[in-house]
Amino acid sequence: MGAPAQAQNNTQPGEAEASARRRRGAVLAWGVAIAAFVVFWQFGKPLAAWAFKYPKAYAIPAQAWISSGMKWLLNEATFGLFTFLDLTRFTAAMIDIPTSSRSACCRPASCRGRDRARCSCCRRFRGSR
């Protein structure tokens, strides 16, 4: 009637068990490695003090690089017609347009004393007409 499950999946009889065994072994190996790292990190200084002293010559001066990069970007970077500062101010102004136009229209003073529920500009922004 029906073919056995092994023939339908095209797997060898012990392949699924071997795969599960390999997976368990990999998880166990990673667990042991992480545990050894944490133990060495917390308690290894008396045993290997040399491993905890990093030479200053090998340190990457990332703070200085980032600071100088930001100063260059803000003070000297140019895209021909505009600077980076102009670009960020333009982007902020474009983001501000929807919020400022809505707040300018829907201030209580712009409704001129009318009920805000009947004000046409306030209804337009609420989505009801």
- What full-extension length gain, to one decimal in nm, is calculated for ALA16 and ALA51 as 0.36 nm per residue of separation minus the Cα-Cα distance? 8.4 nm
- Calculated from backbone phi, Karplus (6.51, -1.76, 1.60) coupling profile of the range 30-37 in Hz, x at Gly/Pro: 5, x, 5, 5, 5, 5, 5, 4
- Query: What FRET efficiency, computed as 1/(1 + (r/R0)^6) with R0 = 22 Å and r the Cβ-Cβ distance, is obtained for GLN63 and ALA92, rounded to the nearest 0.05?
  - Reply: 0.20
- Got a sec to turn the phi values of the range 82-92 into Karplus ³J(HN,Hα) couplings, 6.51 cos²θ - 1.76 cosθ + 1.60 with θ = phi - 60°, whole Hz, x for Gly and Pro? 8, 9, 5, 4, 4, 4, 5, 5, 5, 4, 5
- In whole Hz, the Karplus estimates of ³J(HN,Hα) for the range 17-28 (6.51, -1.76, 1.60; θ = phi - 60°; x where Gly or Pro) are 5, 5, 5, 5, 5, 5, 5, 4, x, 5, 5, 5
- Item | lysines with Cα under 26 Å of LYS45, excluding same-chain neighbours fewer than 8 positions away | LYS53, LYS56
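Since every read-out is calculated from the coordinates, none of them should be taken as a lab result. Keep in mind that this is a model prediction, so the values were computed, not measured. Using ideal geometry, Cβ is built from the backbone for each residue, glycine included, and neighbour counts are taken over all protein chains shown.
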